[in-house]
Amino acid sequence: MSVVSSVVVPYTSYLRVYEPLAAFAEPERSHWARYARRPVLPTAQDELRRSLADLVPTPPVGVPVQESGDAFVAELDGVLCVCPWRTRLRAWLALEELEGPGEAGGMFPANVLDVLLPAVVRDQARADHARWQRHNPDARPWIRTTVWQVPVRWFVLFRDEEREYAAADGEDGEPVLRYRTPMVEARRRLARGLRTLRESAAQGPLTEGLVDVGRWLEEFHPRSLVELDYGGLVHALSAEQLAGDRSAADVAEGLAALGTGDSEGAGEAYARLAERWRAVRDRQFTN
């Protein structure tokens, strides 16, 4: 497999679902079984580099012409699980988010978006997506991404003891900060978190976000593995910041305090979390 560039691409974090091979119908199941035996597998950085390379030509390639045949691979209790990239599908969904609904628009003003991705490129991508959806109405991505943060709702699915941190991973020398948990635990914690928020009348964006994540998780095999990966954010944070990051613990502490009516304790946990991630998000405006 060729690597587009050795340049590290920061900013992006991931929420992934790895499904057991039994969740896939043939011939895809056999494809992933063969794929997992490859001696070298691509990384998230490889996927990002490929995507960025597509934006270099004129006009840029906003959505890949063909779907990726790559995946991330993991094991859960000795069972091989895969997380297909589905880069083309995710690019279509990202384009929808980029443009935004209605008159309010999306992430960029129309004139800026036209420079990044010309209207003719976006129009063709929308037409291709609509045509593809007619034949794949139930398709969903195995990966969710965000930039310059990890959403609070993602941490609800995990516990501090599931945190894995290595200042430099042995194989490629990259720092790693991630959480992994079985799907059954992720669903149970999400349900408890929602119940706590609703009973404490602390509903709002977090509640709405958890409902959305819950619907997404229900689409997958119950024996799946759920992973929160800081991804490229590890390159935007110091080793000291990464080592001291206990965001899942702060979220669990805050929800536990809410459940017992301790609003002061919940506020303190949230304040620690908000300050930590405000400092990260602020870095996107530095040069």
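Here are some notes:
- Reported count of residues in the stretch 177-197, each being in contact with a helix residue (DSSP H, G or I) (Cβ under 7 Å, 6 or more places away or on another chain) and open to solvent by 10 Å² or more (accessible area, probe 1.4 Å), is 5.
- Pairs, first farther than 24 Å from Leu80 by Cβ in the stretch 173-196, second of a type in the set (Gly, Ala, Ser) and modelled with pLDDT of 95 or more, C-beta under 6 Å, six or more apart: Leu190/Gly214
- Qualifying residue in the stretch 26-34 (condition: open to solvent by less than 30 Å² (accessible area, probe 1.4 Å), of a type outside the set (A, V, I, L, M, F, W, C) and either under 13 Å from Ala71 (Cα atoms) or in the same structural domain as Glu75 (by the TED database) (or both)): no
- Candidates Leu237, Leu206 - the one that is open to solvent by 10 Å² or more (accessible area, probe 1.4 Å), part of a helix (DSSP H, G or I) and touching a helix residue (DSSP H, G or I) at 6+ places or on another chain (Cβ under 8 Å): Leu206
- Residues located in the stretch 253-267, provided they are surrounded by fewer than 20 Cβ atoms within 10 Å (Cβ to Cβ), among the small types (Gly, Ala, Ser) and in a helix (DSSP H, G or I): Ala256, Gly259, Ser263, Gly265, Gly267
- Residue in the stretch 92-124 that is modelled with the lowest pLDDT, counting only those that are in a helix (DSSP H, G or I) and within 22 Å of the chain's Cα centre (by Cα): Glu99
- Residue in the stretch 176-183 that is of a type outside the set (Lys, Arg), modelled with pLDDT of 95 or more, not in a strand (DSSP E or B) and not assigned by the TED database to the domain that holds Leu95 present: yes
The values are calculated or read from the model by the stated rules, or taken from the named source; none is laboratory data. Keep in mind that what you see is a predicted model, and the values were worked out from it rather than measured. Note that each Cβ is placed from the backbone with ideal geometry, even for glycine, and that neighbours are counted across all protein chains shown. What goes into the accessible areas is simple: the full protein's heavy atoms, side chains included, and nothing from ligands, DNA or RNA. Shrake-Rupley method; radii C 1.70, N 1.55, O 1.52, S 1.80 Å.
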